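The values are calculated or read from the model by the stated rules, or taken from the named source; none is laboratory data. Only a predicted model underlies this, so the values are computations on that prediction, with no experimental measurement involved. Every residue, glycine among them, receives a Cβ derived from its backbone with ideal geometry; neighbour counts consider all protein chains shown.
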Amino acid sequence: MLPPILSALRIPVVASPMFIVSGPELVIAQCKAGIVGSFPALNAREKDGEPPLLDAWLTRIAEELDRHNQANPDRPAAPFAVNQIVHRSNARLERDIEICHRHRVPIWITSLGARAEVNHAAHDCGGIALHDVINDVFARKAIDKGADGLIAVAAGAGGHAGPLSPFALVQEIRDWFDGPLLLSGAIATGRAVLAAQAMGADLAYVGSPFIATAEANAPEDYKRMIVDSGAMDIVTSSLFTGVSGNYLAPSIRAAGMDPDKLDSADPSSMNFGGNAAKAKAWSQIWGSGQGIGAVRDIVPAATRIDRLAAEYAAARAAICG
Ligand SMILES: Cc1cc2nc3c(=O)[nH]c(=O)nc-3n(C[C@H](O)[C@H](O)[C@H](O)COP(=O)(O)O)c2cc1C
């Protein structure tokens, strides 16, 4: 059963949070077009001594969506989500939880570790918590710790992808879990959204196609590389963050490395504490999932969502009659 907050979307899609790429412009456009928009709390980085940017972003998102809802009572905006990286190196976690709790964030997405206190904070302000997992063991742990729903991150996803086929992953989780289940990884068409539902997921979790949108906070060359690339251009490596992730091979080549000969990194090198030097060194290495063969132009997010909705309706009509 889906909680009411996830059941009134225009199409069953949650736009995934993307490091650097997702900010208020993209989230507002996604929500206004009828799907859940999201961003990582860590993207809101103020300079030393300035007030928390996360506070300002949450105020802006709430105000703009509220204005939209007053002007368009017949097609209200979808709710938004904030992603918390629950890794021990994230020194901002406690502060960011307090800010999200104060703003009564409706959907909390947690990744890289399940922590009961984050789920409690979400529930205490009336929100729900979705935890992203790459296998069934982590899925069980997340529900034990009080998450309301799961995001199954399968092979081919952008960012920190899992190694498992979506068929295997969804089947194993659905075997015992009947709560909200999202599927992540290379979903880039309305047909694929319907396929995720046929497999047993409730909603699709879509990231990389939104990099090639006007509102994404990404350099023009990155957006263009998404448009020009396909599944064969994606390489998997742990070198850049310490955990296995998917990246655009042309961006690795442009940074002077051979994408076919990358060293692997130790998971203990994972750091979300603001290692500026390392972040700068890897800023030209661009993440993407394998589904981008379906992305052929850079368009406003609303256009991408209109297309997904039209494709989804056509696929339903063709397959479900
Ligand atoms: C550039 C990029 C950055 C990402 N950053 C994050 C992040 O900060 N937090 C997170 O939970 N997931 C992150 N992800 C993973 C997405 O949440 C999601 O699992 C993925 O984008 C779905 O696969 P797709 O890109 O093939 O649609 C990122 C993905 C990409 C492509």
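Listing for the model above:
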read-out: Evaluation of residue 131 against (1) free of Cβ contacts under 8 Å to residues at least 24 places away in the same chain; (2) away from the ligand (no atom under 16 Å from the Cβ) (one fails), failing number; value: (2)
read-out: Boolean, residue 83 is within 25 Å of residue 160 (Cα to Cα), surrounded by 14 or more Cβ atoms within 10 Å (Cβ to Cβ) and in contact with a helix residue (DSSP H, G or I) (Cβ under 7 Å, 6 or more places away or on another chain); value: yes
read-out: Odd one out for residue 141 among (1) within 30 Å of residue 226 (Cα to Cα); (2) assigned to a helix (DSSP H, G or I); value: (1)
read-out: Conditions (1) modelled with pLDDT under 95; (2) within 14 Å of the ligand (Cβ to nearest atom): number failed by residue 117; value: (2)
